[in-house]
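Worksheet for the structure shown next.
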Amino acid sequence: MPRPTLDELPYGFKVPALVKAVPPARRRVRAVAGGLGLALGNDMLASIELLAGEVIANAVRHTDGSCAVCLRWTGARLRVEVTDCGNADTKLLAQVAGPDDENGRGLLLVESIADAWGIVPEPAGKTTWFEISAEPTTGRPKSCTARRGAFTDHRVESTCNSS
């Protein structure tokens, strides 16, 4: 598996439309995040893996289609984006699941653990993203260039920030 550096981000890959593809995808996000030279301990990497798994699983389960995963460095946070062909419906925002519900807690986890998260409409679907604060452990990362879909886009539709 490639080990990009902060200077080489964004890093992306496609996840097939299979529920069994979710575990390897979330492990891949963890492996890439762990190799970036950021101050991310095992607990934080486990949180990134958990949140990536939730967002990727939502994309695969609710759209019956593949999704694209992208990791970006914002200069202060690691951002994980999952783009799928589903609607950017505001009903997808974190909801409270009932005690007997088997599903419906994934975005609550994202809201509780991530420093920021949101859902952005795209021409052919939506991007669900979350950010985790981190500091580089070696040197200062190169600034990323602004382009459509990059973190510098500052798209804020359906954005939730933790305090």
Taking region 56-80 and keeping residues among the β-branched types (Val, Ile, Thr) and at pLDDT 95 or above leaves ILE56, VAL69, VAL80
Given (1) in a strand (DSSP E or B); (2) farther than 14 Å from TRP117 by Cβ, GLY75 misses just (1)
(message) If I filter region 84-102 for residues that are more than 28 Å from PRO123 (Cα to Cα), exposed (fewer than 14 other Cβ atoms within 10 Å of the Cβ) and modelled with pLDDT of 90 or more, do I get at least one hit?
(response) no
Scanning region 24-46 for residues that are part of a helix (DSSP H, G or I), over 18 Å from LYS126 (Cβ atoms) and open to solvent by less than 30 Å² (accessible area, probe 1.4 Å) gives VAL29, ALA31, VAL32, ALA33, LEU45
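The values are calculated or read from the model by the stated rules, or taken from the named source; none is laboratory data. Since this is a predicted model, take the numbers as computed values, not measurements. Quick reminder, even Gly has a Cβ in these numbers, built from the backbone with ideal geometry, and neighbours come from all protein chains shown. Heavy atoms of the whole protein, side chains included, go into the accessibility calculation; ligands, DNA and RNA do not. Shrake-Rupley method; radii C 1.70, N 1.55, O 1.52, S 1.80 Å.
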